[in-house]
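The structure appears below as structure tokens.
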Amino acid sequence: MFHFLLSQVQHFLIECLCCFPFPHRTTRRLEPIEIIPVHDLNPKCISPNPDLVIIFFHGIAFGNDEWKETWTSTTTDGRNEPICWPEKWLPEDMGNNVRILSLSYDSNLMGVHNNVADIGKNLILSLVRSRYDILWDAPIVLVGYSFGGLVLKSLVVEVQQHIHQRIINLTDAAINKSCKRFLENLKGTIFYGVPHAGGNEGFSKYFSWKCQQINTMKKKLKTHSSLLKNLTSFNRQMEELSTDFENAISQDLIIYAFSEGLALEEKWGVLVPYASSARLAGANNYMVEDANHFTICRPPTKDHPSYFILVECLKFCLKVNYQL
């Protein structure tokens, strides 16, 4: 009887140790809440060895097409037609052997994500460790607009943190390998109107208005978003995210940051003025004087600063990569 009770106690203690592991045994397991769609904007590029991979991160979305709408301009070349400029112009100027991807995390604003970090974690399995894994030997450039710039930084931070976590099985090891290749070949990041510093009244008003509009739509859809609730604490999150991003990136990373030169003033009374919040320390900062927060990512022509400077950055990233 005594030996039976002793064996039961031993079994109980072993179960407790497994359920409550010591700190050195903990790991950041990736369990995606939702797979994030990835859209190919240059289907002509079918090579598994592209010259360059460009990935676009859109702003706060109203619908399922924001992955394209954020980057759609109305041209001023006389035709006044809407075009998705990464899809139309970049293959013309960068060549057909450039892979151009655009992410779509629209539904996450209607879902159960708690903060920007949740989207970053989901992107590890939706993008970094996915069928696109074969592309990470090519130089990579990430492009983000407004809220998308925060998602961009969150992805980089989550990738870096996953690399440094304890590997406990083959699945984690495979993800770790993909993360290392992704981060090692990340050559550039480009930001359009991203509130890096936080604490900007214009951005707070803009995000608040966006939240109100999306909440109105959500009531009709009878959905709930915990992420939108947390937009009220964005200032603190943005400051922490900027610090984590700076610690995660390589000193050789090429960074371009565009800030708007015009206030955004519409009938709803929202002002998103140009401010130091959109400037990033250590980056090549450019103020686009004739653009507001809405138009800064929508160049009307190829010779507009918000486009041709981006092309210069992409070509510079290619040049640097080939010199290594």
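Kindly provide the set of residues from segment 276-304 that are basic (Lys, Arg) and within 19 Å of Ala263 (Cβ to Cβ), ordered by number.
Arg279, Arg298
Among the numbered conditions (1) modelled with pLDDT of 85 or more; (2) more than 19 Å from Leu310 (Cβ to Cβ), tell me where Met110 comes up short.
Going through the list (1) modelled with pLDDT of 85 or more; (2) more than 19 Å from Leu310 (Cβ to Cβ), Met110 breaks only (1).
Counting only residues that are without any contact (Cβ under 8 Å) to a residue 40 or more places away in the chain, give me the strands (runs of 3 or more DSSP E) lying completely in segment 35-104 with at least 2 of them.
82-84
I want to confirm something. Restricting to segment 242-300 and keeping residues that are more than 24 Å from Gln160 (Cα to Cα) and of a type in the set (Val, Ile, Thr), which single residue is modelled with the lowest pLDDT?
Val270
If Lys88 satisfies every condition in (1) closer than 20 Å to Asp133 by Cα; (2) of a type in the set (D, E, K, R); (3) modelled with pLDDT of 90 or more but one, which is the exception?
Single failed check for Lys88: (1).
In this structure, does Leu52 turn out to be among the hydrophobic types (A, V, I, L, M, F, W, C), surrounded by 10 or more Cβ atoms within 10 Å (Cβ to Cβ) and at pLDDT 90 or above?
yes
Identify all residues within segment 55-85 that are at pLDDT 90 or above and basic (Lys, Arg); write none if there are none.
If the condition is that a residue be at pLDDT 90 or above and basic (Lys, Arg), then Lys68 is the only one that fits.
Residue under question is Gln161, and the condition is that it be modelled with pLDDT under 85 and either in a helix (DSSP H, G or I) or not acidic (Asp, Glu) (or both); does it hold?
Judged against the criteria, Gln161 is not a match.
The values are calculated or read from the model by the stated rules, or taken from the named source; none is laboratory data. Owing to the predicted nature of the structure, the values given are computational and were not obtained by experimental measurement. A quick note on method: Cβ atoms are made from the backbone with ideal geometry, for glycine too, and the neighbour counts reach across all protein chains shown.
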